[in-house]
1. Per residue, how much accessible area does region 29-173 have with a 1.4 Å probe, in Å²?
2. Please compare each pair in Lys98/Lys132; Lys83/Lys154; Lys129/Lys154; Lys98/Lys124 to a cut-off of 21 Å on the Cα-Cα distance and tell me which ones are over it.
Amino acid sequence: MNNLNKNTIYEDSLEEFLPKQSNKSIIKCTLLTICIFFLGLLSLSFFLPWSTTLKGHFNIIRDNDIYYAFISLPAVGTGEIEKDMLTNLYTYNYPDFKYGHLQGKVVSFIDNNELEKSNLYIVKIRIGKELKTNYGYNLSEQIQLRGEGEIIIKEQRLIEAIIEPIANLNFNK
């Protein structure tokens with residue numbers, strides 16, 4: 001037998017079968033992969049909805065056969081709320097992943113006599129004549145319904161939400 005090192009034979013045969021990769025080609029492949037990934041995210045963002053919302057806690061009452069929710073909101077952003085804005089109401093009693101959520105529209109602001117103490121604004125939301133969720137469930141009026149609600153201030157696509165702050169930059173300073 002010859003004094004051949006088995007590792008040397010293996011390394012030599014491996015070099016014959018695999019082409020030598022330069023650092024430039026590895027960098028090009030990496031950059032191409034990153035570009036394809038971000039282009040995929042960009043194209044997906046054209047279809048994804050994005051909402052700007054104000055969130056707070058609510059209670060539901062019934063008045064003259066119509067259900068209303070009263071959402072308590074912090075002062076930040078309440079100047080943007082207008083009549084007939086859409087709202088989503090997620091109850092603590094009924095999980096939204098199973099039953100869905102209630103929907104309503106802004107009716108008005110309610111005078112909060114304790115505004116200086118609590119720093120909360122109260123918004124009245126009209127739900128309708130029945131407590132029917134977006135999944136089609138009728139919720140029981142026997143239980144006092146409370147939860148978290150959101151008032152949708154602005155609806156847009158994700159790509160618009162990403163580009164809007166960039167477009168609003170003032171480059172001429």
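1. On a per-residue basis, region 29-173 sits at 70 Å².
2. On the way: Lys98/Lys132 13 Å; Lys83/Lys154 13 Å; Lys129/Lys154 26 Å; Lys98/Lys124 26 Å.
Table pairs above 21 Å Cα-Cα are Lys129/Lys154; Lys98/Lys124.
The values are calculated or read from the model by the stated rules, or taken from the named source; none is laboratory data. These figures come from a predicted structure and were not determined experimentally. Accessible surface is based on the protein model in full, side chains and every heavy atom, while ligands, DNA and RNA are left aside. Shrake-Rupley method; radii C 1.70, N 1.55, O 1.52, S 1.80 Å.
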